[in-house]
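A short worksheet on the structure shown next.
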Amino acid sequence: MNRWKKIAPLIVILIVSLFAALPVSAQSSLTGPVVTPVLPVDGQVILPPTTKILTDAELESYIPPEVPCASPVFYIPPEHPVAGALTYIPPGLSCESPAFYPEYPVDGPWFYIPAELPCWAWGRTQRFYPFGPVPDCAPIVTDARCPNVYIPPEPSCLFPPAPALPCPYNPSEQTCEQVGCQVLRFAASTPLLESLRPGDVIGSGVTAKTPLGMLRRVVKIDPGTRSMIVAPATLEDAVQQGSVQHSGNLLSRKFVAYSGKGQAIPQEAAKPFLPLSLEAANAQGQKVRFTGGVSFGSTAGMNYNFTLGLSYKKVWSYDSVTLGLLYKKIWSFNYGATTDVKLVMETISAEGDVSFDQEFEAGRFLFEPVIIMMGRLPIVVAPELAVFVAAKGSVYTGMKARLEEGAIVSVGANYRDGQWTPFRKYSTMYSFSEPEAGGRAKFILSVKPQLFFKFYGIAGPATALEVSAIPAIDAARNPWWQLYGQLRGVLSVSTGVIGCSLGNPQWPLIDWGQLVAQASGPFPLYPTISGTVTDMYGVPVSGVQMIFNPGTTVSTDARGFYINKVPAGWSGTVTPYRSGSDFGPRYRSYTNVRTNITDQNYVMTQGSQR
C-alpha cells in the first residue's frame with residue numbers, strides 16, 4: 001500500500017502529461033472549461049518561427065498562378081505609373097493571359113499585352129509593342145491587319161465571388177478542392193524558400209504579383225520544380241500573440257467604379273455615385289422610364305473599424321474519457337461599418353399602363369486595399385461595395401413623379417472570450433412628389449448595397465442592406481397616395497482567414513417598415529387657385545376681378561382674397577382687372593393644374609382704393 005502511495009502522484013502526472021500532448025483532433029468534446037488568458041504585451045507582436053514573410057527576392061522570382069477569370073483589383077504595375085485603376089493579371093502568365101491597365105479614358109478596362117507579345121489591339125486600333133523579338137508562344141489570336149496581334153478574350157466573370165475558407169479544416173486531411181489549394185511556383189530559389197517546410201505560413205503585402213496580398217500555409221513542397229502546394233492560412237496560424245487596431249473612412253481612399261456590365265464609370269474623389277436608368281414597356285410599346293442615381297457617404301461618410309487580439313489561452317477541461325490542456329488564440333475581434341446610401345429617382349415617367357419586374361447590378365466600387373501591419377506581417381483588406389437595384393409593380397398612363405429614399409446604417413459585432421455580441425444603429429429618409437395625374441399604381445423600388453471586406457482576397461465581414469420605397473396610388477381613395485418605407489439588414493462575418501475558432505456567424509439585424517408619408521386628402525378633381533390682392537402698402541384691395549381664361553371670373557373680398565376652382569388638368573391664365581389700375585404681375589400662366597395652388601398674390605401698382 002505504501003508503494004502505491006509513493007508512485008500514484010507520478011502516474012497522475014504521467015497521464016496528465018500524455019493527454020496534454022494529444023492533438024486537439026484526438027480529444028473528445030470537453031466540458032467545464034476553466035480559462036486562463038495570457039494577454040499580449042501592449043505593442044508587442046510575436047510571430048512564430050513558422051511564419052515567413054516573402055521579401056523582394058522571393059517575389060521577384062514568384063510566378064503567379066493562372067486565374068480562371070479576370071479578378072478586379074486596385075493596383076498599378078510599377079512599369080506603368082498611370083494614375084487610375086485597373087483589373088490586373090501579372091505579365092508572368094502564359095500568352096493567353098492578359099493583364100489590364102488604364103492608359104486612355106475608355107469605357108472599360110484596358111488589356112495589357114505581356115512583353116513577350118509584339119503588338120496589341122483594342123477595337124480598330126493597333127500598335128507594335130516594343131519589347132524585343134517575337135517568342136515562340138502559341139496559340140496567339142491573330143488579326144490580318146497586324147501579324148501576331150493578340151486580341152484578349154472577354155473575361156468570363158469580371159466580379160467573381162470571393163472564396164470562403166471552410167472552417168474548421170485541415171489541409172492534410174481534406175482535398176485541395178475543399179480547402180482551395182494552389183500551386184505556387186518560383187523561377188529561382190532563395191534561402192528563405194529553401195527553409196520552408198510543410199505547415200509553415202508564408203505572407204506578403206500588396207505587390208505587382210500579389211495585388212491582394214498573400215497568406216498561405218505550405219502543404220507540400222517539390223524542391224525539384226521549385227513549386228509547392230499551399231492552402232489558405234489564418235491569422236491564428238500566422239501570429240502567436242499580438243493585437244492591432246485600425247479605423248478609417250472609405251471616402252478618403254482611392255476607388256474606381258464599374259457598371260454591372262464591366263464598363264468603367266468616371267468618379268469624383270470622395271463622392272461615390274452610380275447613374276441609374278431603367279425602362280420597361282407594355283405590349284403596345286408604351287414605356288415607363290426611371291432615371292436617377294445612387295450616392296454614398298453624403299451625410300455620415302463610410303466609416304469602418306477593426307480590432308483584433310490574438311494570444312494563447314490555456315483551457316483546462318476534462319470529461320469521463322479524456323483529460324487534457326487545449327490552447328485557443330483569438331481572444332477578441334471587433335468589426336463595425338457604416339453604410340450611408342441615398343437613391344434619387346429624379347424622373348418617373350409613364351407613357352401608358354405598364355407593369356415591370358427588374359433587378360440588376362447597378363455597379364461596383366473597388367477601393368484601394370488597406371494594409372494593416374501586425375509586426376512584420378502585412379494584413380491586406382480589400383473593401384468592395386456592390387450595388388443592386390430592383391423595381392417591381394405597375395404605373396398608369398401620364399404618371400410623373402420624383403422619389404428619394406436613403407438610410408444611414410451602422411452595424412457590427414464584438415467577439416470576446418468565445419461570445420459574439422452584434423450591434424446596430426440606423427435612420428432612414430424618404431421624399432415623394434405628388435404625381436401630376438390621378439390613377440392607380442403600386443410599385444416597390446429598392447437599392448441593395450453590399451459592403452465586403454476581403455482579407456487577402458478571401459471573404460471576410462460583410463453588410464447587406466435593402467432600402468425600399470413603396471408608393472401606393474389610388475385616385476379613388478382618401479388619402480389618394482401613400483408612401484411606405486422598408487429597411488432590412490444582415491451582418492455576416494466569414495472569419496476563415498481571421499481564425500476558424502470564431503465560426504461564421506450571421507445576424508438579420510434589421511427588419512423595419514412603416515408608413516412614412518401620405519397625401520393630405522383625396523385626389524383633387526377640381527383643384528383651386530387662390531391668393532390675395534393688396535396695394536403697394538400691403539392694404540387688401542376688394543372688388544378686383546380675377547379673370548380665369550378659359551373659365552369663370554371671381555372677385556376679391558374685403559380681405560383682398562380670391563379663390564376659384566378649375567378642372568383637373570386645366571391650363572390657362574389668370575389676369576387681375578380693375579378700371580384705371582395696373583397690377584404686378586400683369587397675369588400668371590398655368591399648365592396641367594392637378595393640385596391646389598395657393599399664395600398666387602398680386603400688388604396693385606397704380607390706382608386708388610375706393
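Bear in mind these aren't lab numbers, they're just calculated from the coordinates by the rules spelled out. What you see is a predicted model; the values in this text were computed from it and never measured. Positions of Cβ are backbone-derived with ideal geometry, glycine not excepted, and every protein chain shown enters the neighbour counts.
Tabulated values for the structure
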item	result
Extension gain (nm, one decimal) between Phe360 and Asn414, 0.36 nm per residue minus Cα-Cα	16.1 nm
Segment 191-322, Rg to Rh (Cα coordinates; Rh as Kirkwood inverse mean 1/r)	1.19
Calculated FRET value between Ala57 and Phe423, using beta carbons and R₀ = 45 Å, to 0.05	0.50
Normalised convex hull volume, segment 350-449, alpha-carbon set, Å³ per residue	154 Å³
Length added when fully stretched, Arg376-Lys220, from 0.36 nm per residue minus Cα-Cα	53.7 nm
Modelled label reach - Glu404, point 7 Å along Cα→Cβ, segment 279-293 residues with backbone N closer than 18 Å	291-293
Calculated from backbone phi, Karplus (6.51, -1.76, 1.60) coupling profile of segment 187-195 in Hz, x at Gly/Pro	7, 8, 9, 9, x, 5, 5, 5, 7
Packing rank of 487-493, 237-243, 50-56, 533-539, where each peptide gets the mean count of other beta carbons within 10 Å, highest leading	237-243, 487-493, 50-56, 533-539
For Ile563, net neighbour charge (Lys/Arg +1, Asp/Glu -1) across residues whose Cβ lies under 15 Å away	+1
In sequence order, calculated HN-Hα J values of segment 530-536 (Karplus, 6.51, -1.76, 1.60; Hz; x Gly/Pro)	9, x, 9, 10, 10, 8, 5
Three-way shape call for segment 528-606 based on the alpha-carbon gyration tensor, with the a/c threshold at 1.5	prolate
Note, ³J(HN,Hα) from phi for segment 250-265, Karplus 6.51, -1.76, 1.60, rounded to Hz, x at Gly and Pro	4, 5, 8, 9, 5, 7, 10, 9, 10, 6, x, 9, x, 7, 5, 10
Sites Thr291 and Thr595, calculated FRET efficiency, Cβ-Cβ separation with R0 30 Å, nearest 0.05	0.85
Pairwise FRET efficiency - Arg477 versus Lys254, Cβ, R0 = 51 Å, nearest 0.05	0.50
Label zone at Thr397, where the point sits 7 Å out along the Cα-to-Cβ direction: segment 552-572 residues whose backbone N lies under 18 Å	568-570
